[in-house]
1. Can you give me the Kirkwood hydrodynamic radius for the stretch 310-426, using every pair of distinct Cα atoms, in Å to one decimal?
2. How far apart, in nanometres, would the label points at residue 30 and residue 212 be if each is projected 7 angstrom from Cα along the Cα-to-Cβ direction?
3. Sort 213-224, 97-108 by the packing proxy (mean of other Cβ within 10 Å over each peptide's residues), most packed first.
4. Given R₀ = 60 Å, what would the calculated FRET efficiency be for residue 342 paired with residue 265, taking r from the Cβ atoms and rounding to 0.05?
5. Which FRET efficiency, nearest 0.05, do residue 327 and residue 236 yield, Cβ-Cβ r, R0 41 Å?
6. Would you mind ranking 85, 239 so that the residue whose beta carbon has the fewest other beta carbons within 10 Å leads the list?
7. For residue 122 and residue 278, calculate 0.36 nm times their separation in residues minus their Cα-Cα distance, and state this gained length in nm to one decimal.
8. Is the shape of the stretch 103-155 best called rounded, prolate or oblate, per the rule: a/c under 1.5 gives rounded, else a/b larger than b/c gives prolate, else oblate, with a ≥ b ≥ c the square roots of the Cα gyration tensor eigenvalues?
Amino acid sequence: MAASGTPVSGERPARWHRLGRTLTARAVGVSCAVALVSVLVTALVAIPLATRSAERQAREALVAQARLAAEALRPRIDRGRTADEERIIRQLRNQGIDAYLVRAGRADREGLPPEVVDRIAAGRNFSGRRAVAGEPAMIEARWLPDGNGVALTRPATTGIWQDVVGRLWLPLLAGLVAGSVAGALLARRLSRPIRNAATAAARLRAGDRAVRVPVEPPEEAADLAQALNDLAAALALSEGRQREFLLSVSHELRTPLTAIRGYAEALADGVVGPAGGQRAGQVMLTEADHLDRLVTDLLSLARLEAADFVLEPVPVDLTQLVSDAAQTWSARCAAAGVVPRTEIPDAPVPVHTDPGRIRQVVDGLLENALRVVPPGAPIVLAVRGTGPAELPGGVLEVRDGGPGLTDDDLTVVFERGALRQRYQGVRKVGSGLGLALAAGLVRRLGGMIVAGHAPEGGARFTVWLPAGGGAYPAGDAGRGDVGGG
């Protein structure tokens, strides 16, 4: 029993400790504290005001009683102690008022201050506070002819405070309870959007991308809900693209593997004779090269944002780099029936970049263009320096006379697999990795790459590279102009 009870006793403090750290509990505590402070402040202000009001009313009542007693005793006070006087004095005592009768300048009993007696004897009224029989009291005295008079006294501490507090404690307690309840309800209302957001975040973490949070006030909670909804939508879109990308990549991997496997099985089964062995080997080597390029692109994309991605920027003549690339690709263009053209200035175009990575970018752009350009259409490789109104550096362009890209294509052209998904089965497409890799490489090198429409009728890809070492503007990839041109 002791062992089974131990976890329960250990869980309760943790639960209460956790409860005390919740927003609801803290809001309730704050609202209760505010209600308590409000009640205390109200009490500190209201009780003295109510006490003074009660004292004023008591004095006014005492004044009225003194006036009535003087009128009632005026014709009788010279006769000595009468039954009517006793009845009047008894009625006053029942109301907590003590009466002193002054005859011929002398009080009928001790306790009344001498100055009050002297004023009555002198034919003057008295109103104020004095000690009566050693206790503070309110005194209202009225003179009568022949040195006679009546003085009414009421103790100053007649329980007015207790009476006021007795009347106010219930409303104050009701205000405290109402404030606490209202604070609790308000706290639950304010914390509900946060609880909904926490629940939605947990569902997102569990893989539920269809979760949505109600967007409701206050404004901060609505912003949080909208941000979570946008995050869920972005995650769903990103994961959908990742699935499509993996499907595309798996297809690209399977194509060369199928060819290699088919020829390998043919060779193993002896189906391919000595005469066809060389052809089989050439096909297997070509497909292996294709597979190697695909795996290399995948690894480069995976490592592109890593801190240890190797870049070796050095001073480079962009004119010479593009000239070398044009010579290399001229044979492939001629074999495909495509017309290669170059627009290269006579003067060097110096930039500061990694020549190997930029050559990789140029080769990728040319390969994409060669895949879609029909025979007889041009592929243009151009280089120019930047003008005075542009960022210092160099610009290279790859333009083609192929089917081109729509305005909608230009918004997603550098996303992995986006164009492959759109045009698979419509035109010849690759793995969908080349443009994403080119954009990432240019961005890491401090440059910018944009896509647009070429004057030759196809697509145009423009790359700007910085002129010198040091800090460069953050790279960008998208649609627009480069360097302000």
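We did not get these values from a lab; they are worked out from the coordinates using the rules stated. On a predicted model such as this, the values are computed, not experimentally measured, just so you know. Virtual Cβ from ideal backbone geometry, glycine too; neighbours counted across all protein chains shown.
1. 15.6
2. Calculated label separation equals 3.1 nm.
3. Going from most to least packed, we get 97-108, 213-224.
4. FRET efficiency, residue 342 to residue 265: 0.85.
5. With R0 = 41 Å, the Cβ-Cβ based efficiency is 0.30.
6. Placing the least packed residue first, the sequence is 239, 85.
7. Result: 41.3 nm gained on full extension.
8. It comes out prolate by the Cα gyration axes.
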